[in-house]
Amino acid sequence: MELLHEYDSESSSSGASPPPPLPPPPPPPPPVAILGLEELERRRQAVATALSHQSSPLAAHRRLTPAERAFEFRAYASKRRHRDANDVHALSPQPPTPPQQPPLLSQDDAIESSTDFPSKGLPTRVARRFVGHSGAVNCVQWSPSLRTELFLSASMDASVRIWDVRSGTCRRTLQMHAKGVKNARWSLDGTRVLSGSYDGCAVYADAETGAALHSYVYNQSEPTAVTSVCVHPSDANLFLAGMDTGRIVSHDVRQAAPCRTLRKGFGDVHDLLFLSASGERFVSSAGLKYRDASHQTLLVWDFASGALLSDRLDRDLQPFCCLRLHPQAPPRFVAQSSANYALVFSAIAPFKRVNKGRSRFAGGHVVQGVSVQCSFSADGAVLATGDAGGRVFYYDATSKRVLRRLEPFRRRGGSAAACVCAEFQPRSGSSALVAGAFDGQLVLYDRAKDPL
């Protein structure tokens with residue numbers, strides 16, 4: 001106790017200063033002003049008036065968004081809200097656009113009037129009609145020899161007829177098959193005719209006498225139909241035959257047995273085409289056989305070895321019913337698709353699709369599963385194609401737009417047989433075109449007064 005008293009006396013005698021006082025409490029914050037309804041309405045009208053002077057004509061006739069109302073009545077707003085508030089186009093609510101159905105013919109694909117293309121010299125006048133087939137016409141081809149006034153037609157009435165356009169008569173009727181003839185082609189000199197039929201046979205016949213020179217039977221082991229034939233462009237003794245069983249057979253008429261048989265995962269062969277005058281390579285179009293074999297609808301082969309060169313030409317994976325080579329350089333060919341359009345491919349490796357200008361011939365003709373054929377004019381400026389509705393369409397080969405539409409097989413009731421063939425005369429300077437239909441009719445179109 002004595003020590004404590006001594007410590008207290010010493011601390012009191014030393015004269016130490018007392019502790020500092022506590023700071024005063026901060027003043028209370030000002031009360032938040034609560035705006036009345038009249039003040040809110042006044043400010044809203046002021047903001048709407050300010051926005052009405054902006055550049056957008058729709059700003060004065062729109063309501064404020066919740067973001068604008070929250071921004072206008074605050075003392076602080078972020079830069080993003082400032083930017084959005086000043087951007088009238090970003091804040092203006094746009095009415096939803098109703099879905100529109102695509103037109104049947106777009107503006108680019110609109111069919112032009114014939115008077116707009118007088119310089120094209122399109123064959124639009126019916127020069128002759130040929131009557132003789134009792135079944136559907138499957139293909140036509142002009143004679144490649146000096147007898148350019150002749151053309152052949154293959155029909156489902158199991159006959160191949162040779163017609164003369166000058167007289168309008170049938171010069172020869174070749175009865176070589178027991179069933180309908182699917183495809184027929186002239187030899188290089190125009191003296192023989194190669195035909196393939198649904199009876200499973202391919203026959204090389206003399207065009208003058210009609211006698212069968214060589215006959216090849218393919219349905220001995222299984223039911224087979226010859227759906228496509230193609231003569232070699234430089235050697236008349238060689239040809240190709242395509243089957244509906246997914247086979248392509250190469251033949252030499254000097255040998256009894258086939259030279260080579262090509263098989264892949266495709267179905268019936270629709271068409272065959274050599275890509276050059278030398279005949280080194282050819283392209284085949286076929287249907288689908290397996291679900292995972294859709295990339296094999298268009299294949300490029302080496303003729304000498306039978307090796308497959310390319311199997312992914314088309315990205316759309318659609319079957320093609322007709323192949324035609326362009327008569328002018330650069331080397332390219334057209335493929336008629338079953339999806340109502342035609343594509344152009346390069347005939348030189350890597351055989352890419354030619355996308356110069358519009359990518360496809362479309363907007364006019366309809367295929368609808370029919371084996372519709374097409375052809376180029378002699379100068380390569382016009383592409384003619386048939387149509388499932390019985391029409392003939394002329395396309396500009398460069399712009400791929402429709403030039404003219406003809407209706408050669410229109411009946412009185414309004415219906416028409418499908419136009420399967422539309423073949424230009426390949427002779428330079430000629431404008432003749434032959435069209436064939438499902439009802440057996442053949443029509444010759446020309447621009448001159450007298451055919452050919």
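With the condition kept exactly as written, say whether any residue in region 187-202 is among the hydroxyl-bearing types (Ser, Thr, Tyr), part of a strand (DSSP E or B) and in contact (Cβ under 8 Å) with a residue 24 or more places away in the chain. Before the answer, list the steps.
Initially, region 187-202 is screened for residues among the hydroxyl-bearing types (Ser, Thr, Tyr), giving 187, 191, 195, 197-198.
Pick out the ones that are also part of a strand (DSSP E or B) and you get 195, 197.
Next, from what is left, pick out any that are in contact (Cβ under 8 Å) with a residue 24 or more places away in the chain: 195, 197.
Looking through region 187-202, at least one residue is among the hydroxyl-bearing types (Ser, Thr, Tyr), part of a strand (DSSP E or B) and in contact (Cβ under 8 Å) with a residue 24 or more places away in the chain.
For Thr173, are the conditions met, namely being surrounded by fewer than 20 Cβ atoms within 10 Å (Cβ to Cβ), touching a Lys or Arg at 6+ places or on another chain (Cβ under 6 Å) and among the polar types (S, T, N, Q)?
Taking the combined requirement at face value, the residue satisfies it.
Quick one: which residue in Val140, Val165, Val131, Val160 is of a type in the set (A, V, I, L, M), under 17 Å from Val231 (Cβ atoms) and more than 30 Å from the chain's Cα centre (by Cα)?
Val160
What number of residues within region 241-280 satisfy the criterion of being surrounded by fewer than 21 Cβ atoms within 10 Å (Cβ to Cβ) and farther than 18 Å from Val226 by Cα?
7
Only residues that are surrounded by 11 or more Cβ atoms within 10 Å (Cβ to Cβ), part of a loop (DSSP other than H, G, I, E, B) and on the phi < 0 side of the Ramachandran plot: list them for region 206-222, please. Outline the logic, then answer.
Residues of region 206-222 surrounded by 11 or more Cβ atoms within 10 Å (Cβ to Cβ): 206-208, 210, 212-219.
Remaining after also requiring part of a loop (DSSP other than H, G, I, E, B): 207-208, 210, 218-219.
Result: Ala207, Glu208, Tyr218, Asn219.
I need the full set of residues from region 189-214 which are within 32 Å of the chain's Cα centre (by Cα) and modelled with pLDDT under 90, in order please.
Correct list: empty.
Name the residues in region 433-442 that are within 14 Å of Trp163 (Cα to Cα) and crowded, with 21+ Cβ neighbours inside 10 Å, would you?
Across region 433-442, the qualifying residues are Leu433, Val434, Ala435, Gly436, Leu442.
Considering region 340-374 alone, what residues qualify as being under 21 Å from Asn138 (Cβ atoms), of a type in the set (Gly, Ala, Ser) and surrounded by fewer than 16 Cβ atoms within 10 Å (Cβ to Cβ)?
Scanning region 340-374 gives a single hit, Gly369.
Among the listed residues Leu150, Leu122, which satisfies the condition of being of a type outside the set (S, T, N, Q) and modelled with pLDDT under 90?
Being of a type outside the set (S, T, N, Q) and modelled with pLDDT under 90 holds for just one of Leu150, Leu122, which is Leu122.
Just name the residue that is surrounded by the fewest Cβ atoms within 10 Å (Cβ to Cβ) out of those in region 308-330 that are at pLDDT 90 or above and outside any strand (DSSP E or B).
Pro327
Examine region 281-295 for a residue that is in the same structural domain as Lys182 (by TED's automatic domain parsing), in a loop (DSSP other than H, G, I, E, B) and in contact with an Asp or Glu (Cβ under 7 Å, 6 or more places away or on another chain), and state whether such a residue exists.
no
Against the definition (touching a residue at least 60 places away in the same chain (Cβ under 8 Å), assigned to a strand (DSSP E or B), more than 22 Å from Asp439 (Cβ to Cβ) and touching a strand residue (DSSP E or B) at 6+ places or on another chain (Cβ under 8 Å)), how does Phe333 come out, yes or no?
So Phe333 passes the test.
Within the group Ala416, Ala422, which residue is modelled with pLDDT of 90 or more and buried (at least 16 other Cβ atoms within 10 Å of the Cβ)?
None of the others qualify; the one that does is Ala422.
Which of the numbered conditions does Asp302 fail, given that it passes all the others? Conditions: (1) closer than 20 Å to Val231 by Cβ; (2) surrounded by 15 or more Cβ atoms within 10 Å (Cβ to Cβ); (3) of a type outside the set (Gly, Ala, Ser).
(2)
Could we say that Thr124 is over 33 Å from the mean Cα position of the chain (by Cα) and assigned by TED's automatic domain parsing to the domain that holds Ala236 here?
No: the conditions fail for Thr124.
For a quick check of your reading: which strands (runs of 3 or more DSSP E) sit entirely within region 338-451 and have at least 1 residues that are closer than 15 Å to Thr124 by Cβ and in contact (Cβ under 8 Å) with a residue 40 or more places away in the chain?
Hits in region 338-451: 382-385, 392-396, 402-406, 419-424, 433-437, 442-446.
The values are calculated or read from the model by the stated rules, or taken from the named source; none is laboratory data. The shown structure was predicted, so the numbers you read here are calculated from the model rather than taken from an experiment. Heads up, the Cβs are rebuilt from the backbone with ideal geometry, glycines too, and the neighbour counts pull from every protein chain shown.
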